[in-house]
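Taking it in order: structure first as structure tokens, then the write-up.
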Amino acid sequence: MDATAANLLLAHHRAAARDLPWRMTPRDPYRTWLSEVMLQQTTVATVTPRFLRFVERWPTVEALAAAPEAEVLCEWAGLGYYARARNLIACARAVAERGGFPRTEGALRKLPGLGAYTAAAVAAIAFGEDAVAVDTNVERVVARVFGIKDRRDAGEAARGWFPAGRHGDFAEALMDLGASICRPKAPNCPVCPIAAHCKAQALGRPEAFPAPKLKKERPHRHGIAWLVRRGDEVWLVRRPGKGLLGGMAALPGPEWGEERPAINAIAIHHHGFTHFTLDLMVVPRAEPPPGEGWWHAVSELAAAGLPTLYRRAVEAALEAEREPRLAA
Ligand code: SF4
């Protein structure tokens, strides 16, 4: 692949780059890092308003480092993948302690929770290093342009294609092309600025590149969430700091297991995690179970910082209370 396609894509990007709130000039490493963490597994449309709220509340990495963990987790509620939020806090504290973000991919990689992709993206976009950031959008575009089936080979091809001195711009150009034109399904090849250089397009079946990931069968689990009411309030607890949904607000309940509990629920919320699916049965209970917790007004549940699993389970239970019918 010669440099022509890269130059065409960069020229297209200069004219058509998405206007996103973390793409300020000069680049702020805090905003670059924060946006990259938020965008993992989450769409730009979902992230944009949440990002704006986040930086309004904590405008610098030092401000985030000084924030109480429970408040950050509460602000993160609904974005999912809560280990990201816990890593975010640990990373902000490490950065504040050392007096700022390190400027190289290698040094960024040593920060808590910063994976290979995020380290490369921050180094390239915020600090202008020639690091190669390959996310799923970049991987897809590169696989199609080079006609590569195996995703693992796309990273290697990308390394040879990124133009020296322009790695940050080029990564963003590829990300934008992947999000708007070279979409996973129905890529819009007729308007693509590099269509004349694309092998997958020349073969007439761009969607076939890269080969689809094999979907693994996910195991299924069952859980109970106790719904304890006191007038217009509901009893909430904080989950243990480590593990799934660690540190997040929740309804109380025992550990989830593989057997379906023999109990009647007023609502069952079905939820898909990355590695398993869950049926969470919401069961009324007269008194809070032993342990710490707090009463929270039902009318203010949106501010409780409940992750989507529990927010939907509570909504389903309240709906069932209004319109009683036994769920199990
Ligand atoms: S020509 Fe089509 S498949 Fe190739 S990069 Fe452009 S949009 Fe993607």
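The values are calculated or read from the model by the stated rules, or taken from the named source; none is laboratory data. Because the structure is a prediction, the values reported are computed rather than measured. Quick reminder, even Gly has a Cβ in these numbers, built from the backbone with ideal geometry, and neighbours come from all protein chains shown. Calculation scope for accessible area: heavy atoms of the full protein, side chains included, ligands and nucleic acids excluded. Shrake-Rupley method; radii C 1.70, N 1.55, O 1.52, S 1.80 Å.
A few notes on this one:
- Across every direction, the projection of the convex hull enclosing the Cα atoms of the chain has a mean area of 19.2 nm².
- In terms of its Cα atoms, region 220-322 spans 35, 30, 25 Å along the principal axes, sorted from long to short.
- Ordered by 1.4 Å accessible area with all protein chains kept, Phe127, Phe51 run largest first as Phe127, Phe51.
- With a 1.4 Å probe rolled over the protein heavy atoms of all chains, the accessible area of Leu108, Leu203, Leu318 falls in the order Leu203, Leu318, Leu108, largest first.
- Percent accessible area from carbon and sulfur atoms, region 220-322, protein chains only, probe 1.4 Å: 51 percent
- Residue-normalised accessible area of region 220-322, given per residue in Å² at a 1.4 Å probe: 52 Å²
- Between helix 44-57 and the chain there is an angle of about 70 degrees, using the helix long axis and the longest principal axis of the Cα atoms.
- Between 0 and 90°, nearest 10: helix 136-146 axis offset from the chain longest Cα axis: 30 degrees
- Taking the longest Cα principal axis of the chain as reference, the axis of helix 29-39 is set at about 60 degrees.
- Per-peptide average of other Cβ atoms within 10 Å, ordering 69-76, 276-283, 137-144 highest first: 137-144, 276-283, 69-76
- Apportionment of accessible area to carbon and sulfur, region 3-208, percent (1.4 Å): 53 percent
- Mean residue ellipticity (222 nm) of the chain, computed from DSSP H runs ≥ 4 via -39,500 (n - 2.57), nearest 500: -13000 deg cm²/dmol
- Region 220-322, dipole about Cα centre (Lys/Arg Cβ +1, Asp/Glu Cβ -1), debye to the nearest 20: 180 debye
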